[in-house]
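Reading through the structure tokens given below for one structure.
Just so you know, all these numbers are worked out from the coordinates, no wet-lab data involved. Everything numeric in this text was worked out from a predicted model, so none of it was measured. Reconstructed Cβ throughout: ideal geometry from the backbone, glycine too, with neighbour counts over all protein chains shown.
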Amino acid sequence: MTLAYIPSPSHGVVYLGPIPLRGYAFCIIIGVFIAVWLGNKRWIARGGRSGTVADIAVWAVPFGLVGGRLYHVITDYELYFSPGRDWVDAFKIWEGGLGIWGAIALGAVGAWIGCRRRGIPLPAYADAIAPGIALAQAMGRWGNWFNQELYGKPTHLPWALKITSTADGRVPGLYHPTFLYESLWCIGVALLVIWADRKFKLGHGRAFALYVAAYCVGRFWIEYMRVDDAHHILGLRLNDWTAMIVFLLAVLYIVVSAKKRPGREEVVEPGAGDDGEAGAGAEGEGAEADASAEAGTVVAGAEVGKGSGESDGEASVGGEAVTVVEAATEAKAKAEPEAEGADQGPEGSPAKDEAAGEAKKAAKS
């Protein structure tokens with residue numbers, strides 16, 4: 001007798017009056033919010049504007065949903081177009097069935113459109129949102145739990161998933177919770193990308209490529225455990241072949257990109273730093289003025305300290321010197337306008353001679 005297992009929900013949908021609230025849809029929506037939230041934080045840290053990630057997601061998310069559904073329908077067409085099936089079910093996305101490969105591919109097209117409209121490089125945007133996409137996948141996989149689908153081979157492990165539904169040929173029993181395995185794997189992928197991006201300053205799409213490569217590794221062995229119907233090629237499920245091919249392409253991109261475009265983009269969003277630069281300039285000027293005032297205070301303090309440390313005679317001489325300098329400065333300032341007025345009269349006039357005399361006397365003092 002199995003003492004521990006993961007129970008499946010008795011219902012995947014709850015009705016609020018006539019409005020159905022589906023667990024699968026909620027998982028997808030929450031995943032999108034997580035991706036946009038984390039992507040926005042990373043985009044701002046890279047020098048972009050707040051809100052840009054959400055604006056581009058308006059294009060990327062619908063394209064991604066359509067792409068994910070198309071991939072699922074094309075690769076499992078017999079579920080919708082074989083005898084006895086209703087092709088209208090192909091549009092019922094809330095019942096499950098999104099292929100991540102199609103979602104990423106067509107979602108990238110939507111992101112490219114949004115980036116192009118704002119003059120933003122797509123690789124930089126992809127790097128910012130990569131960990132968020134992984135976390136969105138981690139959340140989205142719980143939608144399979146609500147629908148009691150995409151589980152693995154039979155097992156009696158303490159964390160086995162108990163399937164109770166008999167719909168679509170399901171056999172009630174205990175199975176590997178592949179949805180949980182993939183959810184945990186995606187969380188690990190997100191943490192890996194965040195760590196690698198901080199340590200190696202990944203740029204030009206390499207953080208996104210790392211996410212793709214790492215996800216493919218996990219998807220390969222998790223896909224191999226699943227028992228749902230799928231097309232097989234040379235003994236492997238179609239998604240296993242897809243994972244291998246995409247993994248090789250992602251690794252190849254990382255290697256080639258690192259050689260051709262090393263480092264990270266200096267500017268990810270044109271004009272994003274204009275306001276900040278202006279503020280920084282004003283702050284810099286204020287800081288410079290404060291520094292000058294502070295330097296003057298330090299010098300004055302040093303002079304006072306010097307005078308207090310010397311003998312009374314030296315202090316007296318220092319004070320007398322200061323008085324003479326002040327007197328000379330005052331006399332010079334008074335003499336200059338009088339001298340200018342005297343220059344306008346005939347040479348050798350009394351006013352000019354008197355002004356010149358006072359200036360010489362002040363200078364000698």
Requested in this report: Quickly work out the L184-to-L234 label distance, labels modelled 7 Å from Cα along the C-beta direction, and quote it in nm with one decimal.
Outcome: 3.2
Query raised in the report: Where in region 138-182 does the label zone of W94 land, with the point 7 angstrom along Cα→C-beta and an amide N cut-off under 12 Å?
Result: none
**Report entry** Calculated from backbone phi, Karplus (6.51, -1.76, 1.60) coupling profile of region 25-32 in Hz, x at Gly/Pro
**Finding:** 5, 4, 4, 5, 5, 4, x, 5
Query - Ellipsoid equivalent to region 108-155 - semi-axes via the Cα gyration tensor, in Å - result: 34, 11, 8
Report summary line: Rounded to one decimal in nm, the spacing of the 7 Å Cα→Cβ label points at R170 and M244 is 3.1
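Residue separation times 0.36 nm, minus the C-alpha to C-alpha distance between K260 and H156: what's the value? All intermediate terms of the calculation are to be shown ahead of the outcome.
Values: separation 104, 0.36 × 104 = 37.44 nm, distance 5.08 nm.
So the chain would gain 32.4 nm between K260 and H156.
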Requested in this report: Kindly state, as a whole number, the per residue volume in cubic angstrom of the convex hull around the alpha carbon atoms of region 24-176.
Outcome: 121
Report summary line: Ordering 143-154, 4-15 by per-residue average of other C-beta atoms within 10 angstrom, highest first, gives 143-154, 4-15
Report summary line: The answer for I6, listing residues at least 5 apart or on another chain whose modeled amide H is closer than 5 Å to its amide H, is A160, L161, K162
Query raised in the report: Applying the Karplus parametrisation 6.51 cos²θ - 1.76 cosθ + 1.60 with θ = phi - 60° to the phi angles of region 81-98, what ³J(HN,Hα) value in whole Hz is obtained for each residue in order, glycine and proline being reported as x?
Result: 10, 7, x, x, 9, 9, 5, 5, 5, 5, 8, 7, 5, 5, 8, x, x, 10
Query raised in the report: Each residue of region 240-253 in turn: what ³J(HN,Hα) in whole Hz from Karplus with 6.51, -1.76, 1.60 and θ = phi - 60°, glycine and Pro shown as x?
Result: 5, 5, 4, 4, 5, 5, 5, 4, 4, 5, 5, 5, 4, 5
Query - Unsatisfied cross-links (Cα-Cα over 31 Å) in the set K92/K201; K153/K201; K41/K259 - result: K92/K201; K153/K201
Report summary line: Cα gyration tensor of region 82-162 diagonalised, 5x eigenvalues square-rooted, in angstrom largest first, produces semi-axes 32, 21, 9
